[in-house]
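Only one structure is covered here, and it is reproduced in the block below.
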Amino acid sequence: MQKVRTKRAATRPTDAGVTPGTVLLREELRSGAMRTLDTLKLGERQIVLCAGHDAIWVIVRRKCRGGIAMRAAFVPVGYREARMVQPRAGEAARIEVVSAMGTHRVALCLHEEAIPIVRVATSLEPAVPLLTSFVPRDLYPLDADDDPLGAVGTVEAAQRGFNSGAIYFRLEEPAFGSVLYFQDLTRLNPYFSATDTKPDGAVGGIWPELGYLLPTPPQRGVPPVAPLPAGAETLISDALIAFHDEVDGDERDMARRYLALLGAVLPHLVMPETDYRDWVGRAERSLKDLARSPKATIRHYGHRYVHPYSAAEYPDSMVQLSVLASIRDYEMWTGEKVPIGADLAAGLGKFYDPKLKTLRRYLPNVGRDKDRNAVDSWYLYHPLSMLGRLAIDGDRQAMRLFEKSLDYGIRAAHHFKYKWPIQYDVRDFRVLTEARDDQGLGQTDVGGIYAYVMLQAFELTDDKRYLDEARAAIDAAKGMRFELNYQANLTAWGAAACMRLWRITDDEKYLRQSYVYLASFFHNAAIWESGIGHARHYRNFLGVTALHDAPYMALYECFDSFAAFERYLKDSGPDLDAPVRLLLSQYCRYALDRAWFYYPDALPDDAIAPEQRENNGHVDRKLSFPVEDLYVDGQQAGQVGQEIYGAGAAFVFASRAFHNVRDAPFRMFCDHFVLASQRPSGRALSFQLGGAEGCEASLSLIRIGRAKLPEFTVTTAGGDRIRPRHSAADRVEYRIPADSRITLAW
C-alpha cells in the first residue's frame with residue numbers, strides 16, 4: 001500500500017528530497033519554455049493548457065494565490081505534434097499528442113458550480129503493443145511564482161488501499177485554497193484488465209509531488225507481458241479536481257469542506273445502476289436457517305445461542321444481541337413474533353457478570369483456548385447499544401440488563417479517559433493491547449458508540465449524568481481528524497450520537513463534529529465499481545472497509561452503518577449540509593443492492609474461497625447467511641468465514657426499506673428512507689422521502705399473495721404524474737424524486 005505524508009509540509013520541501021519530475025517542471029516554468037496551447041476560465045481561476053518537454057500540462061491559477069499543475073499526458077519518448085482539436089459535446093477543450101508511442105488524447109470538461117470542478121480525461125492509443133512502465137505522479141502545488149518548491153500546504157487525506165482514488169489537501173502559502181483530486185477508477189477498469197494491474201494506494205504522494213501514480217506491472221526478473229493493444233484507445237486517467245476557496249479552519253472545518261468537495265464530485269462519477277433485491281424473502285430464509293440449522297446455533301445452560309460463524313466459534317454477547325435486535329425490528333415490522341427471537345432472548349442473562357456488574361463477551365463456560373477476561377473496547381459498548389435499542393422498544397428484560405451494566409461502562413470510560421485501547425482485561429482494566437499502529441492509536445471511535453449508549457440511557461431515564469457523559473466522550477475525540485475511524489459501524493454510530501447531541505443541546509459544535517466522523521468514514525469508502533478479478537461478479541460501489549486498514553468490506557459493518565445513518569438522517573432535519581445528505585442517502589441506497597452479494601448463493605462457486613480462516617468453520621452455500629468478506633481487488637470472497645452474526649442484515653434491510661400498506665394487496669419498497677407518511681384516504685398514501693435534491697429514488701410496489709396488482713397513480717408534490725419504469729405481474733417499479741413528497745393512489 002502506498003503511503004502519504006500527512007503532516008504539515010516544511011517551508012523547505014527539498015529537505016525530503018526532490019524528484020526529477022519536480023525539478024523539470026520548476027525549470028520549465030522558470031524559463032518559460034512551455035508552449036501555451038489554450039487558455040480557459042473557471043470562475044476566478046485561470047486554466048492554461050501547455051506543451052512541455054515531455055508532457056502536456058493543465059495549470060490552474062488564482063491571481064496572486066498560487067495554483068496547481070497537472071501533468072495530463074506523459075510522453076517520455078518526446079512528441080511530434082501537440083495540437084488543439086475540435087472538442088466533443090460537453091467538453092471545453094481537447095488536445096491530441098502524437099508520438100512514437102502512439103496518440104494521447106486529453107479531454108477537459110469544466111463544471112462551473114458552487115464548487116468548481118475541472119475534469120481531465122486522458123486516453124492512449126498505442127502505435128505498437130505497449131508495455132507500460134513508470135509514470136510519475138501528476139499533480140504539483142505551485143506558489144505565487146509558479147515554484148512547486150515554494151508552495152506550503154497540508155495533505156489531509158489520501159487513498160488507502162483500494163478505496164477511493166483521492167487526495168485531499170490545502171495549499172496554505174500562498175492561500176490558494178483546498179483541493180480534492182479524485183480519479184474515477186471505475187472508468188479505468190479496461191486499463192487495469194489490459195495491463196493486469198491494480199490501483200493499490202495509487203493516489204497519494206509526498207509534498208510537493210502528489211496525485212495519481214499510474215499502476216504499472218512490477219519490474220522483476222521476468223518482465224511483464226500484458227501490453228496495451230496497438231490501435232485500441234484506452235483511458236489511462238480520469239481526474240476530477242474540485243476547488244474550495246477556503247484554506248483555514250479547525251478539523252471540523254476541514255471535514256465539512258472535504259464532504260462538500262466529495263459531494264460535488266460524486267454526481268460526476270460513473271454511478272452504477274442498482275437492482276431491486278427481495279430482502280423480505282431473504283429474511284424469511286434466514287429465519288428458517290437460524291431456527292433449523294445445527295450450524296447456526298448451539299445450546300448452553302439450557303438456552304440457545306448463536307454461533308458467530310457456521311458451526312464454529314463460541315457464542316458471544318455482541319453476536320447474540322446483534323442478531324436478536326435485528327429480529328425484534330423485523331418482528332415489529334411484520335407484527336408477528338418468531339420463536340427464535342424468544343429463544344435467543346431467554347439466554348441473555350448468562351452473559352451478565354453479577355460480580356463485575358456488566359455484560360461479558362463470552363459465556364462462563366467458554367473454552368480454555370479463549371481468554372475469557374480479554375475484551376476489545378468496542379465489545380463492551382456495542383452489546384449495550386443493542387440492549388438500549390430493545391429497551392427503548394419496551395423490552396423489560398433488556399432494560400434491566402442495560403441499567404445494571406451502565407455504571408461499569410462509565411467506569412471503563414473514566415479509567416481510559418475516553419481514549420480506549422484495543423484490548424484490556426475486563427476485571428481490572430489492565431491493558432492487553434494498547435495500540436493498532438506505531439502512532440499509538442487505539443480504538444479511536446469507541447467514544448462514539450459509548451456516547452450513543454449514554455444518549456440511550458438519557459432517553460430512558462432522563463438522568464443528566466448520561467448526557468454529560470455523552471458530551472465528554474465526543475469532546476475527547478477532538479484532534480483525531482481523518483484518523484478517527486477504527487471500525488466503520490462505530491464511526492457511523494459516533495456520527496449519529498453527535499447528531500442526537502446537537503438536537504438535544506442545540507450546540508452547533510456537535511453537528512460540526514458529526515462531519516468529522518463522517519469524513520473519516522467516507523475516507524475509507526471505495527467510491528468506484530471494481531471489475532478486477534472476482535469483483536466483476538459483485539457490486540462494491542460506495543462500500544466501506546470494515547476496519548481502517550482492513551483489506552475487505554464486511555456485511556456486519558455495512559448494515560450496522562446503514563442503521564446508524566437512518567438514525568442520523570431522521571434526526572438531522574433541514575439544516576443538514578446538502579452534500580452530507582447526498583453522501584449518506586447514496587451510501588444507504590447502494591448498500592441495499594451491494595449487500596446482496598455477500599450471500600453465497602448470489603456468487604459463482606469459484607468466487608468463494610475453498611478454505612476459511614482457522615477456527616471460523618466453513619461456507620455452506622445452502623445457508624442464507626453472508627460471508628464476512630468481499631474484496632475490491634477481486635480476491636475470492638469468504639476467506640474469513642460465513643458470519644452468522646451478519647444474518648441481521650436481511651432483517652434490518654427488510655424492516656427499513658419495505659413498507660406494509662394496511663388493507664392493500666401490495667407492499668412498498670423504496671431505496672431511500674421514508675421520513676413521514678399518512679393515509680389521506682383508504683386507497684391513497686402520501687409520504688415524504690429524505691434523499692438529496694436532484695437525485696432519484698427507486699419505488700417498487702410488490703404483490704402480496706395471489707391478488708392481482710391494482711392500477712397505480714404516482715404523483716409528485718408538484719402534480720407531475722410518474723410513469724412506471726418496469727411493470728410485471730408481481731412488481732411495478734418507478735423512479736421518483738428522492739427529496740419529494742409522493743402521493744400513491746390505487
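Coordinate-derived values only; no laboratory data. Keep in mind the model is a prediction, meaning the values are calculated, not measured. Neighbour counts are summed over all protein chains in view; Cβ atoms, including those assigned to glycine, are modelled from backbone coordinates with ideal geometry.
Numbers for the structure displayed
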read-out	value
Mean projected area (nm²) of the alpha-carbon convex hull when region 97-159 is viewed from all directions	7.2
Ratio of the Cα radius of gyration of region 250-399 to 2.2 N^0.38 Å, where N counts its residues	1.33
Burial order of peptide ranges 304-310, 489-495 (average beta-carbon count within 10 Å, highest first)	489-495, 304-310
Approximate shape of region 461-559 as ellipsoid semi-axes (Cα gyration tensor, √5λ), whole Å, largest first	32, 13, 11
Shape parameters for the chain, alpha-carbon atoms, Rg then Dmax in Å	27.1, 84
P(r) of region 305-365 over all Cα-Cα pairs, binned every 10 Å from zero, in whole percent	22, 47, 26, 5
log10 of Debye I(q)/I(0), alpha-carbon scatterers only, for region 539-583 at 0.14, 0.22, 0.28, 0.33 Å⁻¹	-0.42, -0.84, -1.02, -1.14
Estimated inter-spin distance, Gln439 and Asp278, nm [label 7 Å along Cα→Cβ]	4.6
Cα-based Rg / Dmax (Å) for region 351-453	13.8, 45
Cα convex hull of region 279-656 - mean projected area over all directions, nm²	17.4
Whole-angstrom Cα spans of region 229-325 along principal axes, big to small	64, 49, 27
Cleavage-rule hits, GluC sites (Glu not before Pro), region 106-202, DSSP coil, Cβ neighbours within 10 Å at most 15	Glu112, Glu113
Estimated [θ] at 222 nm from DSSP helical runs (n ≥ 4, -39500 (n - 2.57)) normalised by residues in the chain, nearest 500	-9500 deg cm²/dmol
Fewest-first ranking of Val203, Val222, using other Cβ atoms within 10 Å as the exposure measure	Val222, Val203
Antiparallel DSSP beta bridges within region 279-656, as percent of all bridges there, nearest 5	95
Where Rh is the Kirkwood radius over Cα pairs, Rg/Rh for region 654-708	0.98
Per-peptide average of other Cβ atoms within 10 Å, ordering 34-44, 681-691, 720-730 highest first	681-691, 34-44, 720-730
Spatial separation of Cα centroids for region 37-61 and region 381-458, in angstrom	53
Peptides 363-376, 272-285 ordered by average Cβ neighbours within 10 Å, highest first	272-285, 363-376
Amide H contacts under 5 Å for Ile236, placed H, 5+ residues apart	Thr122, Ser123, Leu124
Considering only the chain, percent of DSSP beta bridges that pair antiparallel, nearest 5	100
Over region 575-731: Kirkwood hydrodynamic radius from C-alpha pairwise inverse distances, Å	18.4
Fraction in percent of alpha-carbon pairs per bin - 10 Å, region 661-745	18, 55, 26, 2
On Cα atoms only, tilt of 508-523 relative to the major axis of the chain in degrees	70
Rounded D (µm²/s) - region 19-248, Kirkwood Rh over Cα pairs, Stokes-Einstein at 25 °C, 0.890 mPa s	138
Entries of Lys355/Lys478; Lys357/Lys464; Lys464/Lys570; Lys370/Lys419; Lys355/Lys419; Lys570/Lys622 with Cα pairs more than 28 Å apart	Lys355/Lys478; Lys570/Lys622
Karplus (6.51, -1.76, 1.60) ³J(HN,Hα), θ = phi - 60°, over region 146-151, in Hz, Gly and Pro reported as x	6, 9, x, 7, x, 7
